[in-house]
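Below is one structure, written out as structure tokens, with a few remarks after it.
The values are calculated or read from the model by the stated rules, or taken from the named source; none is laboratory data. What you are looking at is a predicted structure, and each value in this text was computed from that prediction instead of being measured. Don't worry about glycine lacking a Cβ; one is built from the backbone with ideal geometry, like all the others, and counts go over all protein chains shown.
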Amino acid sequence: MRNEGDAVKLGKSAAATDPGRRRRLNEDAYVCEPPLFAVADGIGGAQAGEVASELAAATLRDDAGSDGSDGRQRVDSLIQQANRRVYERQAQDAAVSGMGTTITVALVEDGSVWIGHVGDSRAYLVREGRLEQLTEDHSLVAELVRSGRLSPEEAEGHPQRSVVTRALGTDPDVDVDTFSVEARPGDLFMLCSDGLTTMVDDAGILAEIDQHRDNIRAAAKALVRAANRGGGEDNITIVFFEIAGDEHDGERTMSL
Ligand code: MG
């Protein structure tokens, strides 16, 4: 039990990224600068995707300082700013015209984890041995599943599963999903690109995390290896951060 006023503390964080086995370039980018974390998956051929995702990540790093607004506003304004930078660049430079990127951001503040999300990268929470997907994919296939026109099984191997319906860079303004999760001691949060989730199912992800729960850097690397074993068809990026456990009450090992 936490007492009123006890702030949860950010624990360790770690990231891993890999081009996978089929692609020459890595068009994913990430931010792992506590208390700010993000994964961006670039869209657009001829290296444009790489430019878009790195521009979005760099914008987050540059603008991350606190400006007094609450977590939701900060996450939203960081993503809006990243969107404007990608939009303006692709509008001005024919070499990267049409580029875009997904973005999934997490900001830890005052005991809450604020999530901002556009596209089909994902945020997950591992709590009490369960893996919960926190974000909804903004993808054609996910929308067809939500409206009941496609089964989750049909979605898995769907040829258009990488088509996103929302991305940074396509319009001057972007519609951002924002929400918060109240952090608990021992929580593990994961941000990742679709190069992990299309190659490894939830049970496989959880098994790798369980095996390396004491070393999240090793867990991130193990997930990259698992995605490559599964085919490695896309770039793979994983960012982990944990909420420090309360060492005094043994809560993490207690099962109910
Ligand atoms: Mg991808």
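Which fully enclosed strands (runs of 3 or more DSSP E) of the range 102-167 have 1 or more residues being away from the ligand (no atom under 14 Å from the Cβ), modelled with pLDDT of 95 or more and of a type outside the set (A, V, I, L, M)?
Details: elements: 103-109, 112-118, 122-127, 130-133.
In the range 102-167, the matching strands (runs of 3 or more DSSP E) lie at 112-118, 122-127, 130-133.
Does Arg89 satisfy being over 16 Å from the mean Cα position of the chain (by Cα), part of a loop (DSSP other than H, G, I, E, B) and among the basic types (Lys, Arg)? Give the derivation first.
Details: over 16 Å from the mean Cα position of the chain (by Cα): yes; part of a loop (DSSP other than H, G, I, E, B): no; among the basic types (Lys, Arg): yes.
In short, no.
Could you please give the count of residues in the range 169-198 that are crowded, with 23+ Cβ neighbours inside 10 Å and either in a loop (DSSP other than H, G, I, E, B) or away from the ligand (no atom under 16 Å from the Cβ) (or both)?
Quick first cut of the range 169-198, residues crowded, with 23+ Cβ neighbours inside 10 Å only: 169, 183, 189-196.
Now drop any that are not either in a loop (DSSP other than H, G, I, E, B) or away from the ligand (no atom under 16 Å from the Cβ) (or both), which leaves 169, 183, 189, 193.
Number of matching residues: 4.
Considering only residues of the range 6-31 that are surrounded by 19 or more Cβ atoms within 10 Å (Cβ to Cβ) and more than 16 Å from the ligand (Cβ to nearest atom), which is farthest from Ala226 (Cα to Cα)?
For the range 6-31, the residue satisfying everything is Val8.
Could you give every pair whose Cβ atoms fall below 6 Å, whose first residue belongs to the range 228-244 and is acidic (Asp, Glu), and whose second residue is assigned to a loop (DSSP other than H, G, I, E, B), counting only separations of at least 6 or pairs across chains?
Once the first residue is acidic (Asp, Glu) and sits in the range 228-244, its partners that are assigned to a loop (DSSP other than H, G, I, E, B) give Glu233/Arg22; Asp234/Gly20.
Return the pair list, or none, for Cβ contacts closer than 6 Å from residues in the range 118-138 that are over 17 Å from Ala57 (Cβ atoms) to residues that are among the polar types (S, T, N, Q) and more than 16 Å from the ligand (Cβ to nearest atom), at least 6 apart or on different chains.
Tyr124/Gln133
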